[in-house]
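Below is one structure, written out as C-alpha cells; the observations come after it.
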Amino acid sequence: MGRFRDGKIQTFSFGERPTLFSLNFHFLAITAASDGSILGGTASGIVAWKDGKQQILSEKNGLPCNYVSGLITDDAGNLWLFSQCGIIEIPQNQMRKWWEHPESKLDLRVFDTFDGFRSGLGHFNTSAKTPDGRLWFANGSVLQVVDPAHASQNIVPPLVKIHALVADHKEYPIDSGIKLPALTRDLEIDYAALSYAAPQKVLFRYMLEGRDSGFREAGTRREAFYNDLRPGHYRFHVIACNNDGVWNEVGASLGFSVLPAYYQTAWFRALWAAAFLGLLWAAYQERVRQLRSEEQKFREAVETMPALAFIARSDGQRTFVNSRWVEYTGLTEKQALGWGWQAAVHPNDLSRALTTWQESQASGKALEYEARILRSADGDYRWFQTRAVPVRDRRGKIVQWYGVINDIEDRKRVEQLQADLAHVNRVSTMGELTASLAHEIKQPIGAAVTNAEACARFLDRDLPDVREAREAALEMIKDAGRAAHIIDRVRSLYTKGTSQMDSVDVDELIGEMLLILHNEAHRHSVNVVTYVADGLPKVMADRVQLQQVLMNLMLNGIQAMEDTGGVLTIKAQLSQDIQVQFSVSDTGVGLPADKADHIFEAFFTTKPEGSGMGLAISRSIIESHGGRVWASANSGKGATFHFTLPLAPHIMPR
Ligand SMILES: Nc1ncnc2c1ncn2[C@@H]1O[C@H](COP(=O)(O)OP(=O)(O)O)[C@@H](O)[C@H]1O
Ligand SMILES: [Mg+2]
C-alpha cells in the first residue's frame with residue numbers, strides 16, 4: 001500500500017497503485033474504529049485498513065447503496081454510516097465477521113425516509129459524537145442526530161397471512177382441503193404481513209414443499225406464481241421479517257393438492273400395463289392357434305390333392321405324410337415318419353436328396369430336388385420332384401417344412417427323348433461327316449505309314465542309320481497321336497453322357513470344331529475364317545452340346561456353299577446384354593424364300609437327304625442354356641446364324 005516517506009507526516013498514496021483496485025477512490029469521510037482499523041467513506045463503499053490489510057465493503061456485502069459520505073463509531077463500538085439512501089448501522093460483530101470473510105453478507109439496520117432520514121444537499125458530510133453518545137451528521141442543508149442508545153429496535157415479528165389462491169383464473173377459498181383440478185397450469189398465491197412500524201419494509205421468503213428445494217427470496221413482493229404443477233400434494237410456506245430484520249420463522253402455510261388426470265393415475269398405468277401384457281399374450285396365443293389351424297388346414301388340403309405331401313421338422317424328419325404318400329409307397333405312416341421315408345427313395349438318388357435337405361436347412365431357402373420314388377404297386381421307380389418351403393416363427397426361426405412331391409416321370413421322359421434326339425442328331429451329323437473324318441484320320445495314318453517305311457529303309461541299309469530311323473519313328477509317334485486325337489474328339493461327340501455345365505473357353509471350342517470340319521470345308525472349296533474378340537470371357541455351357549450346335553451351324557453353312565464354294569466366317573464377341581454372341585455366316589444360297597420362319601421347326605428341310613433336325617435341336621440346346629438363337633439374311637450372299645450364351649459366373653465383368 002502506498003509509499004512511505006520519512007518525515008513528520010506519512011503519506012498513503014493510492015494513485016500509484018492503480019491496479020490494486022479498479023475503483024478510483026474519492027474519499028468523502030474517514031474515521032477510526034475501536035478495533036484499530038481506519039475506515040474511509042468513498043463513492044464506491046467503505047475502504048478499510050487494518051494490520052496492513054486493505055478491504056472494501058460495498059453493495060456486495062449488503063449495503064443499500066455505495067455512496068458513503070460520512071461514518072462514525074458509537075460508544076458501543078458499532079459503525080454508523082451516512083449514505084445516500086439512509087443512515088446505516090453496522091454492528092461491531094458484523095464488522096468482525098467481515099474482516100474474516102470479505103465477501104459475506106452482513107446484517108445491517110437501515111434508517112431511511114420512513115424513519116425520518118433526509119439526504120439533504122451536497123456531497124460532503126461531517127459527523128461528530130457528543131459526550132451523551134448521540135451521533136450528529138451534517139451536510140450542505142441538513143443536520144441530523146441519532147441516539148444509538150435509544151434507536152429503538154422493532155422486535156415484533158410481522159404476522160403473515162395467506163389470503164388468496166388463484167388457479168387458472170379461478171379463486172379458491174382458503175381452507176384445509178383445497179383440491180385443484182387435473183392439469184392446472186397457472187397458480188398464484190397471495191400473502192401479506194401485518195407490521196405496524198413500517199409495513200413497506202417487510203420482506204418475504206416462501207417455498208412450495210413438493211416443488212422447491214428451499215426458501216426463495218421474494219423481497220417485498222406479495223404474490224407467488226407457479227405453473228405446470230404435477231399431480232400430487234403440496235404445502236406453500238411463507239415467512240416474513242420486519243423493518244429491523246426480525247423474522248417470523250413460523251409464517252403461514254397452506255396445503256393443497258393437484259389431482260391427477262385419469263392417465264396420470266397409478267391404477268390407470270397399472271391397467272395399461274396389464275392390458276399390454278394381455279394383448280401380448282393374446283397375440284402369442286393367436287399365433288399358436290394360427291399355426292395349429294394352418295397345419296390343420298394344410299393337412300386337410302393335402303389329403304384331398306392329387307399329390308404326395310408331407311410336413312417335416314426343421315431338421316428334415318417327417319412328422320406327417322399324406323395318405324397318398326402312404327398309398328403310393330406302400331409304407332405305413334408309422335414307418336414313414338422320422339427318417340423312415342428314405343426307404344422309398346431310389347438308393348442312387350438318396351444322397352443327393354439328403355444333401356439338398358442339409359443345404360436348405362443351412363440357407364433357409366425353399367428346397368427342390370428330383371429323385372426316383374418307389375411305387376409299391378409294381379415295384380417300379382418313377383421320377384418325382386420334391387419341393388418344400390420353410391415355416392418360420394416370429395423371430396424367423398424355421399419350425400417346419402411343408403412339402404409336396406410331384407410326379408415328373410412324363411417330363412423326365414420328354415427330357416430323355418430330347419437328349420436321345422440330340423444324340424441321334426449328333427450321330428447322324430457325324431454320319432454326314434464320315435467321308436471327311438475318314439480322310440482326316442487317313443492323313444496322319446498315311447504319314448505314319450510313310451514314316452514307318454522310311455524307318456524300315458534306314459534300318460535295312462548295310463550300315464543301318466539308326467539316328468535317321470529314330471527320327472522317323474518319332475515322327476510316326478506324332479502322326480499316330482494326331483489320328484488318336486481326332487478320334488477322341490469325334491468319340492466325345494458320339495458318347496451319350498448326362499449334361500454337364502462347365503465354363504468353356506470359346507477360342508478353344510472353335511478350334512476343336514475346325515479340327516473336325518476343316519477337311520469337309522476344304523472338300524467344298526470353302527475357306528473358314530474365325531474371329532474371337534480379345535479377352536472374351538468364358539461361357540457357361542455343356543461342352544459337347546455346344547460343339548453340337550456349332551457343328552450343326554457350320555455344316556449347314558458349308559452345305560449352303562456346296563456347289564459354289566465361298567467363305568464361312570465364325571465370330572464370337574460380347575453382346576450388348578453381356579452374353580457371348582456367336583455368329584456363323586456363309587456366302588451360300590441364302591435362307592429358303594418364304595419359308596425362313598420354318599427353318600427352326602423339327603423335320604423342316606429343303607435338302608434331299610436332310611433330316612430337318614439340326615436347327616430344332618440347336619435351338620432347344622441354346623434355350624436350355626438360357627441363350628437365344630436366330631437367323632438373318634446377309635445383305636450380300638448367304639445367311640448368318642446367331643446365338644448367345646450366358647457368361648460363366650465367376651468371370652462376370654464388373
Ligand atoms: N446356312 C444356311 N443357309 C441357307 N439355308 C439354311 C442354312 N442353314 C439351314 N438352312 C435351312 O434350314 C433348313 C433346316 O436346317 P436343319 O434343321 O439343319 O436341317 P437340315 O440341315 O437337315 O435340312 C435347311 O434345310 C435349310 O433349308
Ligand atoms: Mg442341318
Check your understanding: Given (1) modelled with pLDDT under 80; (2) buried (at least 18 other Cβ atoms within 10 Å of the Cβ), where does Y402 come up short, assuming only one miss?
Key -> (1)
Study note, to complete from the structure: Residues of region 625-643 being polar (S, T, N, Q) and touching a residue at least 12 places away in the same chain (Cβ under 8 Å), in sequence order, are N634, T640
Check your understanding: Is at least one residue of region 619-627 within 13 Å of ligand 2 (Cβ to nearest atom), in contact with a Leu (Cβ under 9 Å, 6 or more places away or on another chain) and within 15 Å of N552 (Cβ to Cβ)?
Key -> no
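Among the strands (runs of 3 or more DSSP E) confined wholly to region 570-654, which include 1 or more residues that are in contact with a Phe, Trp or Tyr (Cβ under 6 Å, 6 or more places away or on another chain) and surrounded by fewer than 20 Cβ atoms within 10 Å (Cβ to Cβ)? Spell out the reasoning first.
Working: elements: 580-585, 629-633, 639-645.
In region 570-654, 629-633, 639-645 are the strands (runs of 3 or more DSSP E) which contain 1 or more residues that are in contact with a Phe, Trp or Tyr (Cβ under 6 Å, 6 or more places away or on another chain) and surrounded by fewer than 20 Cβ atoms within 10 Å (Cβ to Cβ).
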**Study point:** I516 vs. criteria on the phi > 0 side of the Ramachandran plot and either assigned to a loop (DSSP other than H, G, I, E, B) or more than 16 Å from ligand 1 (Cβ to nearest atom) (or both)
**Key:** no
Practice item. Being more than 30 Å from I72 (Cα to Cα), without any contact (Cβ under 8 Å) to a residue 60 or more places away in the chain and not aliphatic (A, V, I, L, M) is the filter here, so list the residues in region 137-168 that pass it. Key: H163, D168
Check your understanding: List, please: which pairs have Cβ atoms under 7 Å, are six or more places apart or on different chains, and start with a residue in region 480-495 that is free of Cβ contacts under 8 Å to residues at least 40 places away in the same chain and end with one that is among the acidic types (D, E)?
Key -> R489/E512
Check your understanding: Of all the strands (runs of 3 or more DSSP E) wholly in region 91-145, which have at least 1 residues that are under 19 Å from S34 (Cα atoms) and in the same structural domain as A48 (by TED's automatic domain parsing)?
Key -> 126-129, 135-138
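Kindly indicate which of R457, R467, R489 is at pLDDT below 90 and not in a loop (DSSP other than H, G, I, E, B). Before you say what the answer is, go through the steps one by one.
Values: R457 fails: at pLDDT below 90; R467 fails: at pLDDT below 90.
Result: R489 is the single residue among R457, R467, R489 that is at pLDDT below 90 and not in a loop (DSSP other than H, G, I, E, B).
Of all residues in region 551-569 being among the aliphatic types (A, V, I, L, M) and in a strand (DSSP E or B), which is farthest from L493 (Cα to Cα)? Step through it out loud before you land on a result.
Here is the first cut: in region 551-569, the ones among the aliphatic types (A, V, I, L, M) are 551, 553-555, 558, 560-561, 567-568.
This time we only want the ones that are in a strand (DSSP E or B), so: 567-568.
Working: V567: 25, L568: 22 Å.
So the residue we want is V567.
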Point to revise | Residues of region 271-300 classified as under 26 Å from K365 (Cβ atoms) and either in the same structural domain as Y402 (by TED's automatic domain parsing) or of a type in the set (F, W, Y) (or both), total | key: 1
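Taking the conditions exactly as written (at pLDDT 80 or above, in the same structural domain as L229 (by TED's automatic domain parsing) and surrounded by fewer than 14 Cβ atoms within 10 Å (Cβ to Cβ)), does E188 satisfy them or not?
no
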Revision key, fill the gap. N519 meets each of (1) away from ligand 2 (no atom under 16 Å from the Cβ); (2) under 15 Å from E432 (Cβ atoms); (3) under 60 Å from the mean Cα position of the chain (by Cα) with one exception, condition (3)
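Taking G588 as the residue in question, decide whether it is within 6 Å of ligand 1 (Cβ to nearest atom) and touching a strand residue (DSSP E or B) at 6+ places or on another chain (Cβ under 7 Å). Reasoning before the result, please.
On the way: within 6 Å of ligand 1 (Cβ to nearest atom): yes; touching a strand residue (DSSP E or B) at 6+ places or on another chain (Cβ under 7 Å): yes.
Yes: the conditions hold for G588.
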Practice item. Return yes when A151 is at pLDDT 85 or above, of a type in the set (A, V, I, L, M) and surrounded by 13 or more Cβ atoms within 10 Å (Cβ to Cβ) and no when it is not. Key: no
**Study point:** Among the residues listed as A572, A648, A602, the single one being within 16 Å of ligand 2 (Cβ to nearest atom) and hydrophobic (A, V, I, L, M, F, W, C)
**Key:** A602
Exercise for review: Scan G481, G497, G565 and give me the residue that is surrounded by fewer than 16 Cβ atoms within 10 Å (Cβ to Cβ) and at pLDDT below 90.
Suggested key: G497
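Residue-by-condition table, conditions (1) under 30 Å from D534 (Cβ atoms); (2) of a type in the set (D, E); (3) not assigned by TED's automatic domain parsing to the domain that holds A533:
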residue: R461; (1), (2), (3): no, no, yes
residue: M476; (1), (2), (3): no, no, yes
residue: A484; (1), (2), (3): no, no, yes
residue: L509; (1), (2), (3): yes, no, no
residue: E512; (1), (2), (3): yes, yes, no
residue: L515; (1), (2), (3): yes, no, no
residue: E520; (1), (2), (3): yes, yes, no
residue: R523; (1), (2), (3): no, no, no
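The values are calculated or read from the model by the stated rules, or taken from the named source; none is laboratory data. In this text the structure is predicted, and so the values were computed from the model without any measurement. We place every Cβ from the backbone using ideal geometry, glycine too, and count neighbours over all the protein chains shown.
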